[in-house]
1. Under a crude label model (7 Å from the Cα following the beta-carbon direction), how far is residue 370 from residue 176 in nanometres?
2. For a label point 7 Å from the Cα of residue 399 along Cα→C-beta, name the residues of the stretch 446-480 whose backbone N is under 14 Å from it.
3. Counting other Cβ atoms within 10 Å, keep those with at most 16, restrict to DSSP loop, and tell me which trypsin sites (Lys or Arg not before Pro) in the stretch 14-89 are left.
4. What FRET efficiency comes out for the pair residue 417/residue 362, r = Cβ-Cβ distance, R0 = 22 Å, nearest 0.05?
5. From the cross-link list 428/467; 488/524; 425/467, which pairs have alpha carbons spaced over 18 Å apart?
6. For residue 429 and residue 460, calculate 0.36 nm times their separation in residues minus their Cα-Cα distance, and state this gained length in nm to one decimal.
7. If I model a spin label as a point 7 Å beyond the Cα along the Cα-Cβ vector, how far apart are those points for residue 532 and residue 309 in nm?
8. Treat each spin label as a single point 7 Å out from the Cα along the C-beta direction, and report the residue 286 to residue 341 distance in nm.
Amino acid sequence: MICYLFPEPTYFLYSSDIPALLYYADVPATIAALLLSFYVFWNGRKFLLNRLLFAIAVFFSLWTLSTLIAWTNINSDIILFVWSFFGLILGTISMLCIYFIYVFLEKKEISIKLRIIFLALLSPILLLTATSFNLSGFDLTNCDAFRFEWFPLKIYSSSLSLVAMIWILILLIRKYKIADSAFKKQIVLMGSGIELFLFSFFGMEFLASYLTRIGIFPDSQLELYGMFGMVVFVIYVSILMVRFSLFNIKLLATEALVWGLAILIGSQFFFIKNPTNFFLNGITFVASIVFGYFLIKSVKKEIQQKEELAKLNVDLSNLLTQRESLVHLVTHKVKGSFTRSKYIFAGILDGTFGDVNDEVKKRAQQGLDSDNGGIDTVDLVLNAANLQKGAVKYDIKNFNLKELVEKVISEKEISVEARGLKIEKDIKEDTYNIFGDAFWLKEALNNLVENSIKYTKEGTITVGLKKENGQVLFYVKDTGIGITEEDKKNLFTEGGRGKDSVKVNVDSTGYGLYSVKLIVEAHKGKVWVDSEVGKGSTFWISLNA
């Protein structure tokens, strides 16, 4: 049957008798959603997230096309046909949005169980769409079916949108709590976009339908304002695409979409007659141009910075590889030279080359000590390089740190006494079991004790151990020259040597404390120093008990 009180539409979908807001709301939102989602889908069809975004846009487009037909057509059969699918389209969009957010947050396909739940939620609408429980008649006077919709089914299909909004919000909050800072920004953007879309789209649709049903509004024009939620969602997705490389899309697509949207909004001026809508369209048009300009400008700048950073990272990676190769080549060559001369000096001392006088033995001993020191330095640099790049595999076991500290002290007593110093032990009564690699932790402890010995001219070296707040604290306290505030900045850095430390120890490499830091941090601990110039220093290591 025909609604003769209304004019027949031109080109099936255009009628001057309906609100211009219908085209202003539906057309730009639909085209923007389809353009964006199709471009995303076409450039990444293998990605599930891209396919889901395209599916949401397709069902949204089916909705806008159906509403255009329902508003403009005068044939009751056609209107009833498209009207019967309204609930199914709305329910499907709700489930797709939850599905989309799951994949966005978890970066993987959802379980079969979850897909069954989605299908179960949609099943009442699927089963009743083609029955009189969905639509029981048609109003020829107003050319609509609002008063013939079965209200329980209408409530159910609309409630799915509320379920989707709450479900998505819970997922976003749970993931936000454990996400890193970069992904948290993505969660906020995507979550805000999809929640605003669902709230405006479904909220306005239900409100318009309900108010029309009870006779407050003569038609459902209010629902048209909900379409702008899709435009907001498209903008948020565009930002995510460019700023975070989501969907694997580059700047060109965003430029085309932003300016395409502006052109579409501008085209509405040709058929808008209502002054209010004309003014509203003008504000949106200007806002879209301003937003588009600044978005693309900022994105271009960010992409340039990312490209420059990527190039610098490649260059840096090549330099580090070259440096690593050079370090290993030089150190192995140097260590080989030291080792050969070491055996020559050792041969002189043990009589391999015959009897020599005391002066020659003295010089040979000096040469042997120098070679041993050189080999230790080479090993230190190599260890630091291996620790830095993560090549060292730690053998983590439960052991008593107290026994390790006592062993270090006993091994250093001779060298301490040879320099006219005194070494004291200050280990509080307690249990000092920790999880760690005893070999590498001993290297760290040895390094701190050796460091204090080298920079202490007279006085005492105190090696201590205590427990505080679930932490095992190892410390080495000396009465040495102390460390200036300027030199403290260079401690524990690669090759970091203070100006004053070099004056006392010309053989300082800057790799000893750096190695200590790498070892301790690999054990989830901390290392630091307390010092005052002229009054000595205290080096601390804190480890979990």
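Nothing in this text is a laboratory measurement; each read-out follows from the coordinates by a stated rule. Since we're looking at a predicted model, the values are computed, not measured. Glycine gets a Cβ as well: all are built from the backbone with ideal geometry, and neighbour counts include every protein chain shown.
1. For the pair residue 370/residue 176, the computed spacing is 6.7 nm.
2. Under 14 Å, as judged by backbone N against the label point of residue 399, lie 446 of the stretch 446-480.
3. Sites meeting the loop and neighbour criteria: 45, 46.
4. Values: r = 21 Å, r/R0 = 0.95.
Rounded to the nearest 0.05, the efficiency is 0.60.
5. 488/524
6. Working: separation 31, 0.36 × 31 = 11.16 nm, distance 2.18 nm.
Result: 9.0 nm gained on full extension.
7. Result for the modelled spin labels: 4.4 nm.
8. According to this spin-label approximation, the distance is 8.1 nm.
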